[in-house]
1. What does the charge count around Tyr46 come to, taking other residues whose C-beta lies under 14 Å from its C-beta (Lys +1, Arg +1, Asp -1, Glu -1)?
2. With a 10 Å cut-off between alpha carbons and a GNM built on the chain, which of Pro28, Pro97, Pro118 moves the most?
3. Once you put a point 7 Å from the Cα of Ser201 and another 7 Å from the Cα of Glu119, both along the Cβ direction, what distance in nm separates them?
4. Taking the chain as a Gaussian network, Cα atoms linked when under 10 Å apart, which of Ala84, Ala18, Ala37 shows the biggest mean-square fluctuation?
5. Per residue of segment 157-163, in order, report the coupling 6.51 cos²θ - 1.76 cosθ + 1.60 (Karplus, θ = phi - 60°) as ³J(HN,Hα) in whole Hz, putting x for Gly and Pro.
6. From the square roots a ≥ b ≥ c of the eigenvalues of the alpha-carbon gyration tensor of segment 121-216, which class results: rounded (a/c under 1.5), prolate (a/b over b/c), or oblate?
7. Please work out the FRET efficiency for the pair Glu180 and Glu208, using the Cβ-Cβ distance as r and a Förster radius of 45 Å; give the result to the nearest 0.05.
8. Give me the distance in nm between label points sitting 7 Å out from Cα along the Cα-to-Cβ direction at Ala215 and Thr34, one decimal.
Amino acid sequence: MNTQPFRWAEISNLYSQADCAALSETYPHDHFRTIEAYGGEKDYRYDARSLIPMGEQTISHAEFLSLPWQQLAKDLLSTEYRMAMSSITGLDLTSLPMEAHVYHYGRGGLLGPHRDLPEKMVTHVFYFNHKWHPTDGGCLAILNSSDAKDIAALVNPVIGNSATFVRSDNSWHEVTRVSERASQSRRSVTVTFYQPGSVSSMWPAGVEMELHDYAA
């Protein structure tokens, strides 16, 4: 883990070449909702799909996922994954509630500078773009402060790459705005480990939401 400007790490070479190709080519497009807001604490715009519901051991809409994606979800649900993340972060994540989401950031998509909610303890972001150039935006920016220009590091969202960080009062980060020239959406999965007793802010229990397929 890097210790500056907060505790974070970039983790690469996660999959074999064959798995990279399979995951990239069969990236999910089903059961998404559009989430956007402007002018508040932070601007954001993206489409999100549940992969693993909060605190559960099930896979959302598994029948719509390719076999490689079903296997990836099973790996994220495994004891081995929790042990690995506990080892990397130095925190005991073995029994904490967890959820995972799949994202499309289309042209103009962004997530402005922010610190995660206090109930979030650890976040791990996986990337699935076969090719991506940083000039097209869509990078994870590790920030020294709340100023979007105060960049400590950029993580390119190419498949096999990932980033993890421990939430703190100074864990400022953002997803830079995706260029109007981008040839495809910026594609990622976010796994979040929560404080005990937390509830999902993305998918509130009992709330019916209109879902759609994401158009390429």
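1. +4
2. Pro118
3. 0.9
4. Ranking Ala84, Ala18, Ala37 by mean-square fluctuation puts Ala18 first.
5. x, 9, 4, x, 9, 7, 9
6. oblate
7. Rounded to the nearest 0.05, the efficiency is 0.85.
8. About 0.9 nm separates the two model spin labels.
Since every read-out is calculated from the coordinates, none of them should be taken as a lab result. All figures in this text were calculated on a predicted structure; none of them were measured in a lab. Counting neighbours? That spans all protein chains shown, and the Cβs are built from the backbone with ideal geometry, glycine included.
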